[in-house]
């Protein structure tokens, strides 16, 4: 259950958690057209708090809105300040933030998406890593989903859109019902796309591969951070299509995402991955990433926005 905090930012105002309500005829509730971000704030080594890659998240939020013809009544600066303010006012040392743009009530029907007001909110609450501390430390089990990742001709998968996540919910439930912790989705041509809320990396013979942004994946911000870390460490990383067979015989597989952070897969479709434990490159990436998000690596300080 989400841990309640004191305040939520909504349409330019701070309001009490229990008063952050919307009308039952809110357009996004009925039709799913809304865009959002998942952002994390971390306590730093010096005891302060910083939000990880806030600019990139706000930029992607506005890109998503533009893709779906949503006219945002606030500026990027407004939403950036709201993210900082909501951490401060709730006295959070660390936390998860959810900026959300949604279409409000007024008219109903599909045509009303262009007529009703776009509203904005930012919520923050304490939240641990999405796939669990045990998963991050020792790896999780996963399966290839029977559901296909939304393709570029079916929807606009580069937008982080509320309705798109029905695809992920179906895959996640199917995996969980089968006793697995996560699902990997293939694209419409049968290549690995992404997990239900994370990007995918596989390692074979010291070479790291990840699906390209030209495929139907979300341009993950944690994915981008990991690519930077890998290249800075001199590890060969290729952005290219990946067959499911390549994943079965991989030495390592790990997932990346703001909520999940860096999480290894130890078993895929009952195939043990490598030794069945997190591999050397996975652990190397984890170690650097977890230092970077807490301000312990100077060259990655630009990824952090301090909450003053």
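Things to note:
- Residue tally, condition under 14 Å from residue 125 (Cβ atoms) and either surrounded by 11 or more Cβ atoms within 10 Å (Cβ to Cβ) or touching a residue at least 40 places away in the same chain (Cβ under 8 Å) (or both), over the range 1-33: 10
- Subset of the range 265-280 that is closer than 19 Å to residue 233 by Cα and in contact (Cβ under 8 Å) with a residue 40 or more places away in the chain - its residue that is surrounded by the most Cβ atoms within 10 Å (Cβ to Cβ): 278
- Test for residue 283: is it surrounded by fewer than 13 Cβ atoms within 10 Å (Cβ to Cβ) and within 23 Å of residue 194 (Cα to Cα): no
- Test result for residue 157, farther than 26 Å from residue 274 by Cα, buried (at least 20 other Cβ atoms within 10 Å of the Cβ) and in contact with a strand residue (DSSP E or B) (Cβ under 7 Å, 6 or more places away or on another chain): no
Residues checked against (1) surrounded by fewer than 18 Cβ atoms within 10 Å (Cβ to Cβ); (2) over 26 Å from residue 99 (Cβ atoms); (3) in contact (Cβ under 8 Å) with a residue 60 or more places away in the chain:
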| site | (1), (2), (3) |
| --- | --- |
| 165 | yes, no, no |
| 207 | yes, yes, no |
| 216 | no, no, yes |
| 227 | no, no, no |
| 236 | yes, yes, no |
| 245 | yes, yes, no |
| 257 | no, no, yes |
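- Complete set of residues in the range 64-84 that are in a helix (DSSP H, G or I), over 15 Å from the mean Cα position of the chain (by Cα) and touching a residue at least 12 places away in the same chain (Cβ under 8 Å): 65, 67, 76, 78, 79, 80, 82, 83, 84
- When residues in the range 1-34 are screened for being in a strand (DSSP E or B) and under 26 Å from residue 165 (Cα atoms), 4 of them pass.
- Candidates 87, 51: the one that is assigned to a strand (DSSP E or B) and either touching a residue at least 40 places away in the same chain (Cβ under 8 Å) or within 19 Å of the chain's Cα centre (by Cα) (or both) is 51.
- Where residue 78 falls short, out of the listed (1) farther than 19 Å from residue 221 by Cβ; (2) crowded, with 18+ Cβ neighbours inside 10 Å; (3) out of contact with any helix residue (DSSP H, G or I) (no Cβ under 6 Å at 6 or more places or on another chain): (2)
- Residue check, residue 123 more than 19 Å from the chain's Cα centre (by Cα) and surrounded by 18 or more Cβ atoms within 10 Å (Cβ to Cβ): no
The numbers here are math on the coordinates, done by the rules we state, and not lab data. Since the model is a prediction, treat every value here as computed from it, not as a measurement. Every residue, glycine among them, receives a Cβ derived from its backbone with ideal geometry; neighbour counts consider all protein chains shown.
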